[in-house]
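Here is the structure we will look at, set down as structure tokens.
The values are calculated or read from the model by the stated rules, or taken from the named source; none is laboratory data. All of these numbers come straight from a predicted model, not from anything done at the bench. All Cβ positions, glycine included, derive from the backbone under ideal geometry; neighbour counts span all protein chains shown. What goes into the accessible areas is simple: the full protein's heavy atoms, side chains included, and nothing from ligands, DNA or RNA. Shrake-Rupley method; radii C 1.70, N 1.55, O 1.52, S 1.80 Å.
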Amino acid sequence: MEHEPISILIVDDHLEFRDGLCGLLEAQPDLTVIGQAGTGGEALKLAGRLMPDVVLMDLQMPDLNGIEATRQLVAARPHIGVLVITMFEDDESVFAAMRAGARGYLLKGARKAETLRAIRAVASGEAIFSPAIARRLMRFFTAMGTVAPPFPELTDREREVLTMIAQGRSNLEISNELYISLKTVRNHVSNIFSKLQVADRAQAAIRAREAGLL
């Protein structure tokens, strides 16, 4: 039984880069480009209408940068995987993208095989970083003398909500304790399920306990 190809939305303000990437992807039988956007705002509109499996997101764009576009996109549609493809490799950009909910981070100029592997990995729910970025992350944590927190793909607030889920708290209890709306709690829970690739609160609680969050 044949699987549906992975649908992709390319977001970059440089038309030449979008066209080049589109040509690479369309040559793959398991990948299909269903749209292109030149701004963050346009990306949000197209993602909502086209529902791609993966969004390839540039960081520096007019009107709405890639970090904020990723944050809004993941909050509204956590099932869509965002893979950042950018020229920026500074720690601030990498960690901002992770906090925003990106599942992967690649540098422009990455080899074709590396780019294709990253897209397929993100589509299947994995978190992936190019070797250069992975080395930077390792150096960062080594230099800081710290250990990466459990589930680095989660925001601090999502990690807090996950801890409370593991404690058996209901959405209403979490809402009251953190002074946030029920809708916000539900959004956080949805993001957590998507990022951890779990189906329900019980599975999320197990993952949290195994990681030592309690």
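Summary table
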read-out: The chain - charge dipole about Cα centre, Lys and Arg +1 at Cβ, Asp and Glu -1, debye rounded to 20; value: 560 debye
read-out: Cα-Cα P(r), the range 84-214, percent of pairs per 5 Å interval; value: 2, 10, 18, 19, 18, 14, 11, 6, 2, 0
read-out: Three-way shape call for the range 155-214 based on the alpha-carbon gyration tensor, with the a/c threshold at 1.5; value: prolate
read-out: Candidates M57, M138, M98: whichever shows maximal mean-square fluctuation once the chain is modelled as a Gaussian network with Cα springs under 10 Å; value: M138
read-out: Phi-based couplings in Hz for the range 28-38 (Karplus 6.51, -1.76, 1.60; Gly and Pro marked x); value: 9, x, 9, 10, 9, 8, 9, x, 9, 9, x
read-out: Charge context of Y105, other residues only, Cβ under 14 angstrom, K/R +1, D/E -1; value: -2
read-out: Shape category assigned to the range 1-148 from the gyration tensor of Cα positions, a/c cut at 1.5; value: prolate
read-out: Neighbourhood net charge (10 Å Cβ-Cβ; Lys/Arg +1, Asp/Glu -1) for L196; value: 0
read-out: Local electrostatic count, T155, Cβ distance below 12 Å [Lys/Arg +1, Asp/Glu -1]; value: +1
read-out: Cα gyration tensor, the range 71-146 - rounded (a/c under 1.5), prolate or oblate; value: oblate
read-out: Candidates G48, G40, G20, ranked by Gaussian network fluctuation over the chain, Cα under 10 Å, top entry; value: G20
read-out: Accessible area in square angstrom per residue, the chain, 1.4 angstrom probe; value: 51 Å²
read-out: Cα-based convex hull volume of the range 22-85 per residue, rounded to whole Å³; value: 78 Å³
read-out: Positive-pole candidate from A69, Q36, L83, dipole of the range 1-107, charges at beta carbon; value: A69
